[in-house]
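Written below as structure tokens is the structure these notes are about.
Please treat every number below as a calculation from the coordinates, not as lab data. Keep in mind the model is a prediction, meaning the values are calculated, not measured.
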Amino acid sequence: MSAKLLPLAQYCLINNPLVFPFRPRSQESKGYLSMDEDRIIELEIKQAYQEDLLQALNGIVSQQQQQIDRLERTCALLNERIKSVSEQRQEGENTSHQQEIPPHY
């Protein structure tokens, strides 16, 4: 059965403490990995996952920054629009008061 497994699957099976709770020294010379090699492989696997996660998070942060930029532009346009409408309303009120002649004149 183990001859059909991929090398990584064999490594995981062999290094599983439930399957092989200890490894005799004689087996280390037959292709089994030492504790230092095990640790290095574990660290390399963790680093690969962290690099993948970092790239994914970087993509998310980039998308969020683009969305923030769009929202800031929208806010600025809305503020300008509110100011212009407010100014037009004030100008309209000022001119309507000046043009009205009271009825008793």
HN-Hα J in Hz across the stretch 53-58 - Karplus 6.51, -1.76, 1.60, θ = phi - 60°, x for Gly and Pro: 5, 4, 5, 5, 5, 4
In Hz, Karplus ³J(HN,Hα) per residue of the stretch 69-79 (6.51, -1.76, 1.60; θ = phi - 60°; x = Gly, Pro): 4, 4, 5, 5, 5, 4, 4, 4, 5, 5, 4
Residue-wise HN-Hα coupling along the stretch 80-87, computed from phi with Karplus coefficients 6.51, -1.76, 1.60 (Hz; x: Gly, Pro): 4, 5, 4, 4, 5, 5, 4, 5
